[in-house]
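Structure first, then comments.
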Amino acid sequence: MEEARASRPMWWAVQDVCSAVVALCAEDDMLAVALTCRALCNAARAARPRGLATARSAITSSLARLEWGLTLGAPLDALTFAAAARAGNTRVLTRLHAAGAAPDARAVAAAARAGHLDALAWLAAAGVLSRDEGAASAAADGGHAHVLQWLRAKGCAWSEATAAAAAGGGHLAVLKWVFADRRVAVDERAAARAAAGGHLDVLCWLRARGAPWDASALAGAAAGGHLDVLRWLRGAQPPCPWDEGAPARAARAGHARVVHWLHDEGCPGVLRAPTLAGAAESGDIELVLWLCARGCALDASACARAAGAGHGAALAELRRLGCEWDSATCREAARGGHVAILEWALERDCPCDSLAWAHAAARGHVATLDVLRARGCARSPRAALLAARGGHVNALQWLRDDGFAWDAHILAAAALGGHLDALHWLRERGCPWGRHARAAAARGPNAAAVCKWLDEHGCPV
């Protein structure tokens, strides 16, 4: 390496500069950087070997970015409209609408949650503002009382879910305002959401006014790791009832202190298999050992969850403790693209079925497919279909090189997924149109852009 650098010092200097630039870039800016020049493109590819992903929120943050995104085939679907509504730029909304994108209730909820009255007014003028409770709940979740008032004046409904949303966000002032409207009752969801968010002040206020609760409040507090809330819940008179799923939820979130407290306080379910599986998924080996030392049930699901989350050390410890495994271990490792864990498991004769191929192809994990093929694992006949549905051109190329046949269903799957790059790649290599491409495109995201592409490229009606 030193000799190579010495022979071409300027070339290597450029590579180092490009790598440094890429290291400073956010994921959403990476595509723009990669399109600048070949050196930056190579640096971006090296930094993101699994590919680049530009979020809809990045291309809808300004009109200039949207215009740039449209030239590159940005999806013109309801999710893009929702991202634009969340940003609150009405000029972007207008441009999206002119380009053929159609908003739905998700755009209204996004604008309400972000508190953008201008965007809501634009959507109302476009006839999208519905009268259901979704918008009010979103506004309450965001803590925007002024938006709630505006929606109320427009005749939008609200319900128990609105109060629960305000409680979950910890917005006591909004909750009081909703509570004052006696047309809306407060149900158990409000206490559960407040507990899950760790909002003890909101929880106290609700209970002082006779709001009901149930075991879901305790489960939510455990999942959030809110030990102070848990103590308050159990110290109340009468105490909040136990939830057998609470230990597993706490373990999955990595809250070992909560699991210990639940065990000491006599909560049922602490030493059941789901708790061990949750600890394995969080990768907390100390908690795994703590549970096993107290006789927690060993179950193959723990190995699968550790593999799926990429925690090889936790998986190895479970096997050392005598925990069984099954084909789900390889399947979850393949789903997550955890090649080293998959190889480790296969070397130790872990069962593997065709679903491992299916999961790897569906997520474009080519390195995982390499391992599965090398180990002779059973292939999935749906691998190419799933790769096309996910828009993974790299996986499609790999499967094609490996001898997978394709037909019109593969192209229809790419159309259903809304992936223009995959459609273009498939047609360049002779994949047939078939009878289902148009119907699939109409059902999927990015429908307008995909249908337009099909028209322009001669897809038969």
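Table for the structure above
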| item | result |
| --- | --- |
| Gap separating the Cα centres of the stretch 134-198 and the stretch 404-445, nearest whole Å | 44 Å |
| Cα-Cα pairs of the chain separated by more than 43 Å (percent) | 30 percent |
| Net charge of neighbours whose Cβ lies under 10 Å from the Cβ of Arg375, counting Lys and Arg as +1 and Asp and Glu as -1 | -2 |
| Sequence ranges 107-116, 312-321, ranked by mean other-Cβ count within 10 angstrom, highest first | 107-116, 312-321 |
| Length-normalised contact order for the chain - Cα pairs under 8 Å, 6+ apart - percent | 7 percent |
| Gained length - Arg91 relative to Ala367, 0.36 nm times residue gap less alpha-carbon distance | 95.1 nm |
| Two-site FRET efficiency, Leu289 against Glu343, from Cβ-Cβ distance with R₀ of 30 Å, rounded to 0.05 | 0.75 |
| Packing-based order for 59-72, 208-221, using average beta carbon neighbours within 10 Å, highest first | 208-221, 59-72 |
| Neighbourhood net charge (15 Å Cβ-Cβ; Lys/Arg +1, Asp/Glu -1) for Ala293 | -2 |
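Readers should treat all values here as calculations from the given coordinates under stated rules, not as data from a laboratory. Just so we're clear, the structure is a prediction, and the values are computed from it rather than from any experiment. Please note: Cβ atoms are built from the backbone with ideal geometry, for glycine as well, and neighbour counts cover all protein chains shown.
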